[in-house]
Amino acid sequence: MKILVILAHPEEKSFNASLFNTTINTLENVGHEVKSSDLYKMNFQPVSGKDNFSKLENPNFFKQQTEELFAVKNNTFLDDIVLEQEKVEWCDIMIWHFPLYWFSVPAILKGWVDKVFTMGKFYDNGRIYENGYSVGKRALMSLTTGGPRNNYTADKYGDINSILFPIHRGIFEFLGFKALKPEVIYSTERLTEEERKNILKNWSDRLTKIEIEFAANNN
Ligand code: FAD
């Protein structure tokens with residue numbers, strides 16, 4: 001299968017980076033084709049606006065979705081955006097590695113979403129959810145938290161699935177991806193070395209069977 005792996009973490013020795021490297025190594029070892037985007041290493045510029053485009057249809061009043069439609073027709077997205085769009089179009093599965101920041105993704109990953117998933121290419125009028133451009137693909141979040149698992153309950157921080165709902169329903173499913181069960185690592189800094197090694201091993205084991213998981217999520 002063709003798998004795109006994204007990392008949104010600034011430290012190359014972080015646990016997220018270890019998960020990202022484990023993902024790439026495991027998937028390649030079992031014969032999948034892998035492309036990746038290490039967003040901080042790429043110095044990906046996350047602020048979305050006029051600079052997304054080499055030429056504007058209306059320089060007097062900027063409206064991003066209008067310019068996106070113009071850019072799809074006239075090839076006026078900047079190259080860094082086009083490269084990322086091509087990776088998403090290429091893949092069968094997209095995996096995101098990120099630390100939970102303020103109950104959400106880090107800004108660099110949010111900016112990647114804002115710039116890459118453009119109207120006219122990834123969604124449009126009537127081209128969302130089951131009619132989205134990415135129908136048939138899967139998306140999977142692997143995230144770490146600082147907070148412990150038992151704080152992620154309805155009476156404390158909130159259930160993790162409700163925290164991740166905007167990503168699941170508002171990004172993945174909106175675009176047509178089916179969302180696989182998120183991999184959540186809690187209390188990341190408080191784990192022992194042994195526990196972290198086990199997590200990497202279990203994650204790698206899950207990935208070796210990703211094709212089965214892909215097929216099982218076909219409803
Ligand atoms: P790291 O600190 O990089 O890693 C933990 C340990 O693992 C380190 O000691 C590292 O050396 C070690 N390690 C790395 N690789 C390996 C390996 N191969 N084997 C064994 N050990 C290894 N938390 C929440 O719960 N909710 C929030 O809303 C939230 N918001 C935040 C907002 C901001 C702006 C910030 C900065 C943090 C926030 N946090 C929040 C905390 C954050 O989610 C955690 O700090 C983060 O998820 C920890 O993951 P990490 O990869 O950075 O861990």
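Tabulated values for the structure
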read-out	value
Antiparallel content of DSSP bridges confined to the stretch 90-219, in %, to 5	15
Share of pairwise Cα separations in the stretch 13-68, more than 17 Å, in percent	59
Label point distance in nm, ASN202-GLN45, each placed 7 Å from Cα along Cα→Cβ	4.2
Segments 50-63, 99-112 sorted - mean Cβ within 10 Å per residue, highest first	99-112, 50-63
Aspartates and glutamates whose Cα lies under 16 Å from that of LYS2, excluding same-chain neighbours fewer than 8 positions away	GLU28, GLU33, GLU84, GLU86, GLU89, ASP92, GLU211, GLU213
Placed amide H near TYR101: partners under 5 Å, 5+ positions off or other chain	none
Residues ASP79, ASP159, sorted so that the one with the fewest Cβ neighbours within 10 Å comes first	ASP79, ASP159
Calculated [θ] (222 nm, deg cm²/dmol) that DSSP helices of n ≥ 4 give over the chain, each run adding -39,500 (n - 2.57)	-11000 deg cm²/dmol
Cα-based helix-to-principal-axis angle, 79-90 vs the chain, degrees rounded to 10	60
Spin-label model distance (nm) - PHE103 vs ARG149, 7 Å beyond Cα toward Cβ	2.2
Using alpha-carbon coordinates, inclination of helix 107-116 to the longest axis of the chain, degrees	40
Folded to 0 to 90 degrees: helix 193-208 orientation relative to the chain principal axis, Cα	60
Enclosed volume per residue, in Å³, of the convex hull spanned by Cα atoms of the stretch 71-219	129
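We did not get these values from a lab; they are worked out from the coordinates using the rules stated. Source: prediction; values computed, not measured. Cβ atoms come from the backbone with ideal geometry, glycine included; neighbour counts cover every protein chain shown.
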